[in-house]
Each structure stands twice: as C-alpha cells, then as structure tokens.
Amino acid sequence: MRYYPLFLDISRRLCVVVGGGNVAERKVERLLACGACVEVVGKRLTPTLAALAGEGKIIHHDADYEEALIRGAFLVIGATDSDTVNGRIAMDARALGIPVNIVDEPARCDFILPSIVERGDLAIAVSTGGKSPALAKKLRTELEAAYGQEYAILLQIMGELREKIIAGRRPSAENRNRFEAVVSSRILDHIRAGRWKKVKSLIRELTGIEMEVEPR
C-alpha cells in the first residue's frame, strides 16, 4: 500500500468523529482548526469536548454509534475503544462512499493522518504509511527544530510578493526566476535577525518590488 499525499480543503464541510476521549479530542481540534463543521458521536466527552459543545463550536450526539449519524458526512473518523464499533464505522462509511479513518488501524482506513509541523501557512507533513507513529513523531520533532517561525514570516512575504509580481503580467519564466532568487538569497538570515530594512532592500534589488515586510 502506498498512500497518495493530499492536502484537503475541509472548510465548512461536515466531518463526524465517533468517540469522545482524548484521541477524539485531538482529532476534533485539528478539524476545527481547518474550518470544518464537526459533529461528535459519543456518550461521554472529555471536558474540552464538552466545553466545545457547550459553546456551540461542535454538535454533540449523546448516543451510541448508528449508521444514520454519519450520513451526509464529508469524512468520518472513528476513535472509539471498541473494535466492534470501529469495524461498523469503517464498513458503514465505505458503504456510503464516505472516506474513513479508524485511529491506529491502517487496514480499516481510506486515509491516514500525518504528523504535522506548522509555521503559519507552511505545513510540513510526515507519514510512515501507518507503520511507525513513533518515527513520525521523532521526525516531526527534528523538523520543528530545523524550521522556525522565520519560515512563517517568509511565506507571508512570498504570498504578498507573488500577488504583486503576477499583477505585473511579465512572462512566467521571468517571474519564476525572481521568486527563486528571493528564496535562495539570505532573506531568512535577515528575518531571523529582525533586519527588516535589509529584507526590504533585498526584495527591491531582486524583484524591483517595493513592499512592507515587518510582521503584523
């Protein structure tokens, strides 16, 4: 089995998590952070999930799992401690054509969730194909040390710069050269040191674009 790497837009999509424990809590928080509409099925919730339900940030179905509770979902995550229930979730979701993830059971999954390093809009995903979450965690820790918040700032700058350069309607090859010149320069060193005048002058020198660069 080789998984197809994919970043999925789930904003405003219905995502159902079956289970109300600590693992379910982590899955729910990630889904909410990505803008999903989240429903949780389970008799007992962690205090955090209960608070989210009380604030109206998630919908809680205080019930045992039933197939009807996942109908219409964009994706489903099974995070219960019952092998029988997890099996039913996987079978029902597939029968309904809904992608399903059963926590810690790759054989029952249509997709698996990678370990993520986030720096603003930069996301670096690590996957071991479900074979070793411990190794994925180790690699994530190493990446967190290697890629600091300066990358979030650089990405914000590059996003704004891209809009300005593309608006100039120059040939795509020329634009690509200017983008590559910026990211290959010493711009990260200047960002780390907070030398914003240097960052600004470097961008002007390499692209001809004048822009504000200090983080807001």
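The values are calculated or read from the model by the stated rules, or taken from the named source; none is laboratory data. This structure is a prediction, so every number in the text was calculated from the model and none was measured. FYI the Cβ positions are ideal-geometry reconstructions off the backbone, even for glycines, and counts take in every protein chain you see.
Considering only residues of the stretch 131-141 that are assigned to a helix (DSSP H, G or I) and within 18 Å of Tyr3 (Cα to Cα), which is farthest from the chain's Cα centre (by Cα)?
Here the residue is Leu135.
From the set of residues in the stretch 104-126 that are small (Gly, Ala, Ser) and loosely packed, with under 15 Cβ neighbours inside 10 Å, which is nearest to the chain's Cα centre (by Cα)?
From the stretch 104-126, those small (Gly, Ala, Ser) are 107, 115, 120, 123, 125; that's our starting set.
The next check asks that each one be loosely packed, with under 15 Cβ neighbours inside 10 Å; those that pass are 107, 120, 123.
Values: Ala107: 23, Gly120: 11, Ala123: 7 Å.
Applying the filter and picking the extreme gives Ala123.
Collect the residues in the stretch 180-200 that are loosely packed, with under 14 Cβ neighbours inside 10 Å and small (Gly, Ala, Ser), keeping them in residue-number order.
Of everything in the stretch 180-200, those that are loosely packed, with under 14 Cβ neighbours inside 10 Å and small (Gly, Ala, Ser) turn out to be Ser184, Ala193, Gly194.
From Ile116, Ile112, Ile98, Ile89, grab the single residue that is modelled with pLDDT under 95, of a type in the set (Val, Ile, Thr) and outside any strand (DSSP E or B).
Values: Ile116 fails: outside any strand (DSSP E or B); Ile98 fails: modelled with pLDDT under 95; Ile89 fails: modelled with pLDDT under 95.
Checking each option against the conditions leaves just Ile112.
Gly120 - would you say it is closer than 30 Å to Tyr4 by Cβ and in contact (Cβ under 8 Å) with a residue 60 or more places away in the chain?
For Gly120, the condition - closer than 30 Å to Tyr4 by Cβ and in contact (Cβ under 8 Å) with a residue 60 or more places away in the chain - is not met.
If Val40 passes every condition in (1) more than 23 Å from Asp92 (Cβ to Cβ); (2) at pLDDT 95 or above but one, which one does it miss?
All conditions pass for Val40, except number (1).
Within the stretch 35-66, restricting attention to residues that are in a loop (DSSP other than H, G, I, E, B) and surrounded by 15 or more Cβ atoms within 10 Å (Cβ to Cβ), which residue is nearest to the chain's Cα centre (by Cα)?
Among those residues, the one meeting the criterion is Ala36.
So which of Gly72, Gly20 ends up being in a loop (DSSP other than H, G, I, E, B), farther than 26 Å from Lys131 by Cα and not assigned by TED's automatic domain parsing to the domain that holds Asp121?
After applying the criteria, what remains is Gly72.
Do we find that Gly21 is over 19 Å from the mean Cα position of the chain (by Cα), buried (at least 17 other Cβ atoms within 10 Å of the Cβ) and not hydrophobic (A, V, I, L, M, F, W, C) in this structure?
Taking the combined requirement at face value, the residue does not satisfy it.
Does the stretch 147-170 hold any residues that are outside any loop (DSSP other than H, G, I, E, B) and under 15 Å from Arg192 (Cα atoms), and which are they?
Glu150, Tyr151, Ala152, Ile153, Leu154, Leu155, Gln156, Ile157
What's the number of the condition Glu144 fails, among (1) outside any helix (DSSP H, G or I); (2) touching a strand residue (DSSP E or B) at 6+ places or on another chain (Cβ under 7 Å); (3) acidic (Asp, Glu)?
Of (1) outside any helix (DSSP H, G or I); (2) touching a strand residue (DSSP E or B) at 6+ places or on another chain (Cβ under 7 Å); (3) acidic (Asp, Glu), only one is false for Glu144: (1).
Considering the stretch 175-187 alone, what residues qualify as being closer than 16 Å to Glu205 by Cβ and part of a helix (DSSP H, G or I)? Show your work before the answer.
Step one: of the stretch 175-187, the residues closer than 16 Å to Glu205 by Cβ are 177-187.
Listed by number, the residues that qualify are Asn177, Arg178, Phe179, Glu180, Ala181, Val182, Val183, Ile187.
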